[in-house]
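Readers should treat all values here as calculations from the given coordinates under stated rules, not as data from a laboratory. Everything numeric in this text was worked out from a predicted model, so none of it was measured. Here Cβ is always computed from backbone atoms with ideal geometry, including for glycine, and neighbour counts include all displayed protein chains.
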Amino acid sequence: MIQLVDLFLAKGYRITFASAASKSEFSHDFSNTSVIEQEIKLNDESFNSFLKALNPDIVLFDRFMIEEQYGWRVQQECPNALRILDTEDLHFLRQARQQSTKKQETLNLFSDTAKREIAAILRCDLSLIISEMEMKLLEEQFKIDAGLLYYLPFLEQKISADTIQNWIPFTERADFVFIGNFLHEPNWHTVQTLKTKVWPLLRKKLPEAKLNIYGAYPSQKVLQLENKAEKFFIKGRALNAQETIAQHRILLAPIQFGAGVKGKFIDAMQTGTPSVTTTVGAEAMKGKLHWNGIVEDDLSTFAEQAALLYQNEAEWQEAQKHGVQIINERYASTAFADEFMQRVTELLLNLPKHRQANFMGQILNHHTLQSTKYMSLWIEEKNK
């Protein structure tokens, strides 16, 4: 989301960042930018007044739940505004994998969450998809018109030779690391997998190594996993994710379910830290390139391969190079920014025609405006 804000700023747009979330010490600081911040309320007509006064050309929704909440108000007050949905990753895909993993069931994509998320995609003029695999799934499995979707991954700076020169070398690094917000279910599940299945095997092979777990919002159940004797440490929030990862030799992430691009791997690649993960962990990220480390689903082999990579400097340096290639060839903002902004300009110039081609979206907007609108108005009256 911050990368998108920066991109629109760079192209001369005036940006109002509206959020119903309370600010905290960890909120992004916009004070050095021209971004105007606006506090908004849920189920409140004050949002309509704010919209009417602002009259934006483009409205960008941060995930489908936000489109559900505010989309009908945007449609009512600013019918000519281009509506873009930033999916972040497909929530229904992650949820289906979570159910499948936990209940040992066949993957079922056709859930109520899928209906809600795909309805939001159809109601919007364009949806940003972070993974090619998710693009394929939406187009082939759910028959979504390709004109409504846009592949836009993370927009990163290329890794330069100077950056590589400043990386901490193999001999000055030690230990394994995992990082991830504990409110995110795939992260919590990954930590449990590390604790019960991977670390017991890895410790036997490398008795001197430690595993440091970092992440925001560690609850009591997370903190209780710490065991100093086993060299399994819960460290809580990292002040700086990249600096923290850079101190370690390998990032371990035996992710069992999830979707989209993982920020932890981007951070690892940008700091020259190889990672060991699963097919689900790497699927959206490497394309046809080699992974910056190892991709392995069998957990005993996972531990074995992680131990070998930890001890082999030549292999480790080779993995680093693959990470540089992934960032520079698949995530360099220069490869995506101009083309995306061109698409936005095209849509702004041809919006009625674009919407006419998406009649299913018109139907959904018509009915949503009726159903969601009256539910929201009812809550509004109840709150009064």
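Treat region 183-320 as a sphere of radius equal to its Kirkwood radius over Cα pairs and apply Stokes-Einstein at 20 °C in a medium of 1.002 mPa s; give the translational diffusion coefficient in µm²/s, rounded to a whole number.
Approximately 141 µm²/s, per Stokes-Einstein.
7 Å from Cα along Cα→Cβ at both residue 210 and residue 362: what's the point-to-point distance in nm?
According to this spin-label approximation, the distance is 6.3 nm.
What FRET efficiency would be calculated for the residue pair residue 143, residue 348, taking the C-beta separation as r and a Förster radius of 22 Å, to the nearest 0.05?
0.25
Describe numerically, in nm with one decimal, the distance between label points set 7 Å from Cα along Cα→Cβ at residue 288 and at residue 32.
Spacing of the two 7 Å Cα→Cβ label points: 4.1 nm.
Past 23 Å, Cα to Cα: identify those pairs from 235/264; 197/231; 205/286; 210/286; 197/235; 41/373, in the order given.
Pairs exceeding the cut-off: 205/286; 210/286.
Holding the Cα-Cα limit at 23 Å, pick out from 143/262; 103/195; 102/195; 23/52 the pairs that are longer than that.
143/262; 23/52
About the Cα centre, and with charges only on the beta carbon of Lys, Arg (+1) and Asp, Glu (-1), how big is the dipole of the chain? Nearest 20 debye, please.
Here the size comes out at about 760 debye.
Put +1 on the Cβ of each Lys and Arg and -1 on the Cβ of each Asp and Glu in the chain; which of 169, 287, 110 then has its Cα farthest toward the positive end of the dipole?
The one lying farthest along the dipole's positive direction is 110.
Residue 325: net charge of surrounding residues, Cβ under 15 Å, Lys/Arg +1, Asp/Glu -1, itself excluded?
The answer is +2.
Quick one: Cα centre-to-centre distance for region 6-76 and region 210-278, in angstrom?
If we compute the Cα centre of each part, the gap is 32 Å.
Going highest first, how would you order 237-247, 306-316, 345-355 by mean Cβ packing within 10 Å?
Descending mean neighbour count gives 306-316, 237-247, 345-355.
When we measure straight from the Cα of residue 221, which aspartates and glutamates land under 15 angstrom away, once same-chain ones fewer than 8 places off are left out?
185
Can you compute the modelled spin-label distance between residue 229 and residue 298, with each label point 7 Å from Cα toward Cβ, in nm?
Inter-label distance under the simple model: 3.2 nm.
Does a label point 7 Å from the Cα of residue 372, set along Cα-to-beta-carbon, have any residues of region 104-123 with amide nitrogen under 19 Å, and which are they?
Label zone hits: 111-123.
So how much slack lies between residue 116 and residue 88, counting 0.36 nm per residue of separation and subtracting their Cα-Cα distance, in nm?
Working it through step by step, the gained length comes to 8.6 nm.
Quick check: net charge around residue 279, other residues with Cβ under 10 Å of its Cβ, Lys/Arg +1 and Asp/Glu -1?
So the surrounding residues net to -3.
Quick one: dipole size for region 161-332, taken about the Cα centre, charges +1 on Lys/Arg Cβ and -1 on Asp/Glu Cβ, in debye to the nearest 20.
Taking the Cα centre of region 161-332 as origin, the dipole is about 460 debye.
Based on Cβ point charges of +1 for Lys and Arg and -1 for Asp and Glu, what charge dipole magnitude is obtained for region 3-70 about its Cα centre, in debye rounded to the nearest 20?
Roughly 200 debye for region 3-70.
Among 285-291, 109-115, 18-24, 153-159, how do they line up by average Cβ neighbours within 10 Å per residue, starting with the highest?
With the highest mean Cβ count within 10 Å placed first, the list reads 153-159, 285-291, 109-115, 18-24.
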